[in-house]
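Only the coordinates and a few stated rules stand behind these numbers; no lab work does. Since this is a predicted model, take the numbers as computed values, not measurements. So basically every Cβ, Gly included, is an ideal-geometry build from the backbone, and we count neighbours across all protein chains shown.
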Amino acid sequence: MRLVSVVVGVLACGAASTYVAIGRAQSFRPFDDITSSCPKCPSPGTDKVTLKNGQVVEAVVVAENPMFYVLSKFGELRAVGLDQVAKLERNPDANRGTGHVDELLSKGGLVVSGKVVSDDASTGYVEFASVGVATPMRILKSMVAVIFKSGKLHYSAK
């Protein structure tokens with residue numbers, strides 16, 4: 001539920017240029033300061049991402065495309081550009097989940113992972129089913145920087 005409210009809030013804001021959106025996505029924005037929603041539960045396996053600035057991020061890589069990785073930690077998603085990553089150590093025991101087929105990056109730098117349900121140019125929006133959210137979201141196409149479908153560029157803002 002939180003992801004939907006964040007998506008709606010960010011996508012309703014004024015649009016930045018595509019260059020700024022891609023730059024924001026590639027500059028890693030730290031996860032919220034949450035260590036666990038269940039301190040007594042066993043810690044899930046995570047990947048280790050070392051950024052070129054030396055920062056080490058422990059999260060699960062749930063999707064990737066030619067532009068960025070999608071990282072997940074306690075239900076939060078972040079995008080980090082491939083050109084910002086010095087080293088990626090994948091944990092073979094990490095739970096990558098399912099359904100992370102397509103990625104949408106907003107002009108505000110927000111990443112959503114899931115599946116494109118509909119992308120009809122005549123409607124002015126893209127319908128996107130986010131992983132873990134029951135109802136697909138309708139996102140104004142004017143707010144979208146890029147969409148990757150199955151790892152291939154599907155749409156890029158002009």
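In the structure displayed, which of Lys40/Lys115; Lys52/Lys115; Lys107/Lys149; Lys40/Lys73 lie more than 28 Å apart, Cα to Cα? Write down the numbers at each step before the final one.
Values: Lys40/Lys115 33 Å; Lys52/Lys115 30 Å; Lys107/Lys149 17 Å; Lys40/Lys73 17 Å.
In this structure, Lys40/Lys115; Lys52/Lys115 exceed 28 Å between Cα atoms.
Can you compute 3J(HN,Hα) from phi for each residue in the range 130-144, using the Karplus curve 6.51 cos²θ - 1.76 cosθ + 1.60 with θ = phi - 60°, rounded to whole Hz and x for Gly and Pro?
3J(HN,Hα) across the range 130-144, in whole Hz: 7, 4, x, 10, 5, 9, x, 9, 9, 10, 4, 4, 5, 9, 9.
The range 120-158 to the range 46-91: how many Å between their Cα centroids?
Centre-to-centre (Cα) distance: 22 Å.
Assign unit charges at the C-beta atoms only (+1 for Lys and Arg, -1 for Asp and Glu), then state the dipole size of the range 43-113 relative to its Cα centre in Debye, rounded to the nearest 20.
The dipole magnitude comes to about 160 debye.
Largest first and to the nearest Å, give the Cα extent of the range 81-152 along each principal axis.
Principal extents (largest minus smallest coordinate, Cα): 42, 28, 19 Å.
Place a point 7 Å from the Cα of Lys48 along the Cα-to-Cβ direction; which residues of the range 64-104 have their backbone N under 15 Å from it?
The answer is 86-94.
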